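Throughout, read-outs are computed from the coordinates displayed, never taken from laboratory work. No experiment lies behind these values; they were computed from the predicted model shown. Quick reminder, even Gly has a Cβ in these numbers, built from the backbone with ideal geometry, and neighbours come from all protein chains shown.
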């Protein structure tokens, strides 16, 4: 029996030639890959734009103890190809009952909450995101756009899919203000430390 721990790295950058070609998201993905290889993990990878098979992605999720989504934030969410990926992969995981069995509620036990039927217990999920938004626009009720919300609030439409299926959501990692005044080099340098802290490896 193979006891090597596995991590699944999902890169959902969508290439826009001469504007957003994915070099930064790939750099974060490669940082994570190098980190986990050094820690003795087997690294499973999916680059959504390059294509995938839904059933195979389900199996990758089942095999991995840790799942990381690497994504740019385009118009306050992941690129549209990620929503397509989620719909296809999570529907496959629902139909096969490998991700979850129903939504958790039962007529026999009305205390069971919506979102408690998942089978991903023991797995951890994290988002690593690149933003044009500056860090100062979050967690400040005086800010016009997010009105005091943090990154976890903005990313909830991504993380809820995994929480719904029983996975633990760990603190996200973010590279802010990438077009104007961000510290990209520093964010890349500090990424492994964050991975070590949130995953305890």
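Note on residue 52 and residue 144: with the Förster distance fixed at 41 Å, the Cβ-Cβ geometry gives a FRET efficiency of about 0.60.
With Cα atoms as the point set, the stretch 55-110 shows a radius of gyration and Dmax of 14.2, 43 Å. In angstrom, the C-alpha Rg and Dmax of the stretch 1-86 are 13.5, 47. Helical runs assigned H by DSSP (4 residues or longer) give the chain a calculated mean residue ellipticity at 222 nm of -11000 deg cm²/dmol, each run adding -39500 (n - 2.57) before division by the residue total. Where the alpha-carbon atoms of the stretch 78-187 are placed on the principal axes, they occupy 54, 28, 24 Å, in descending order.
The relative contact order of the stretch 125-192 comes to 41 percent, based on Cα pairs under 8 Å that sit 6 or more residues apart. Axis of helix 184-199 versus longest Cα principal axis of the chain: the two differ by about 30°, to the nearest ten degrees. For residue 157 and residue 107, the difference between the fully extended length at 0.36 nm per residue and the C-alpha to C-alpha distance is 15.3 nm.
Express in whole angstrom the spacing between the alpha-carbon centres of the stretch 1-43 and the stretch 141-201. Taking the Cα centre of the stretch 141-201 as reference, the centre of the stretch 1-43 is 16 Å away. Each 10 Å bin from zero holds the following percent of Cα-Cα pairs in the stretch 162-201: 26, 39, 27, 8. Nearest 5 percent is fine: what portion of the DSSP beta bridges confined to the stretch 6-199 is antiparallel? Of those bridges, close to 10 percent are antiparallel. Based on alpha-carbon atoms, the Kirkwood radius and the radius of gyration of the chain give Rg/Rh equal to 0.97. Axis angle, to the nearest 10 degrees, between helix 54-63 and the longest C-alpha principal axis of the chain: 90 degrees. For the chain, the longest principal axis of the Cα atoms and the long axis of helix 80-95 meet at an angle of about 10 degrees.
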